[in-house]
Amino acid sequence: MKRVQILAGLVTAVLAIMLVGCGTVNEATETAVANAQPSSNDQIEISYTTPAQQEGPYYPVDKPADRDNDLTVLNGAAGGPAGDVIEFGGTLYDRNGRAIPNATIEIWQTDANGVYQHPDDPSTAQRDMNFQFYGEAMTDENGAYSFRTVFPGEYEPRPRHIHFKVKLNGETLITSQFYFASDNSGQPAPLIITLTPGEDAAGNTIQTGQRDIILNVAP
Ligand SMILES: [Fe+2]
């Protein structure tokens with residue numbers, strides 16, 4: 001992982017007191033929101049870069065054969081996972097505000113009960129066997145990505161979160177974590193997803209959110 005230069009001393013000072021579990025904050029930059037949906041040739045004016053955070057202890061050791069961007073459907077499973085279905089997505093940008101196509105975004109998270117699929121999680125035997133736990137999305141020509149998953153459960157002492165990595169041509173550009181506005185987690189704004197009621201492709205009412213990832217790189 002490349003280390004992102006720390007730009008905002010004040011933010012860093014605030015984050016320094018939030019060192020908990022696998023969510024230890026080690027890098028931060030400005031906070032704000034991107035405000036445009038560009039075509040691949042366009043450039044937005046960026047107003048934050050996404051801070052990196054720890055990988056944590058539960059990065060998958062055995063990635064599932066089924067590793068698409070819909071974690072609610074696991075090939076061979078008896079049914080769907082427990083929990084509330086959520087969908088979120090956004091655009092991946094570089095530090096010049098240009099969309100990054102063909103990057104792989106990985107996510108991994110707990111099931112709705114806060115259990116990981118990982119040998120070091122003492123509760124892993126009780127995990128939801130109908131949940132995919134890990135998925136990958138490739139950014140399209142406009143840098144867009146999306147995931148369908150379940151709202152992650154809580155495990156002490158962490159706020160609810162979804163871990164993610166961005167990889168391009170085999171190189172990891174960032175490792176970090178998404179959080180949720182409903183949790184009042186105190187985490188940096190560029191990592192927080194605000195979920196609101198929406199509809200999925202089948203017309204079901206689910207919670208949906210949006211989060212652009214802006215990397216302090218210029219690939
Ligand atoms: Fe975690």
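Just so you know, all these numbers are worked out from the coordinates, no wet-lab data involved. Since the model is a prediction, treat every value here as computed from it, not as a measurement. Note: ideal-geometry Cβ built from the backbone for every residue, glycine included; neighbour counts use all protein chains shown.
Tabulated values for the structure
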| quantity | calculated |
| --- | --- |
| Neighbour-count ranking [beta-carbon atoms within 10 angstrom, fewest first] of Ser176, Ser47 | Ser47, Ser176 |
| For region 119-219: rounded, prolate or oblate by the Cα gyration tensor [a/c cutoff 1.5] | rounded |
| Using θ = phi - 60° and Karplus 6.51 cos²θ - 1.76 cosθ + 1.60, couplings along region 204-209 (whole Hz; Gly, Pro as x) | 6, 7, 9, 8, 10, x |
| Interchain or long-range residues, amide H under 5 Å from Arg98's placed H | Ile44 |
| Under the Karplus curve 6.51 cos²θ - 1.76 cosθ + 1.60, θ = phi - 60°, whole-Hz ³J(HN,Hα) for region 49-66, x wherever Gly or Pro sits | 10, 6, x, 7, 9, 4, 5, x, x, 10, 4, x, 8, 10, 6, x, 4, 8 |
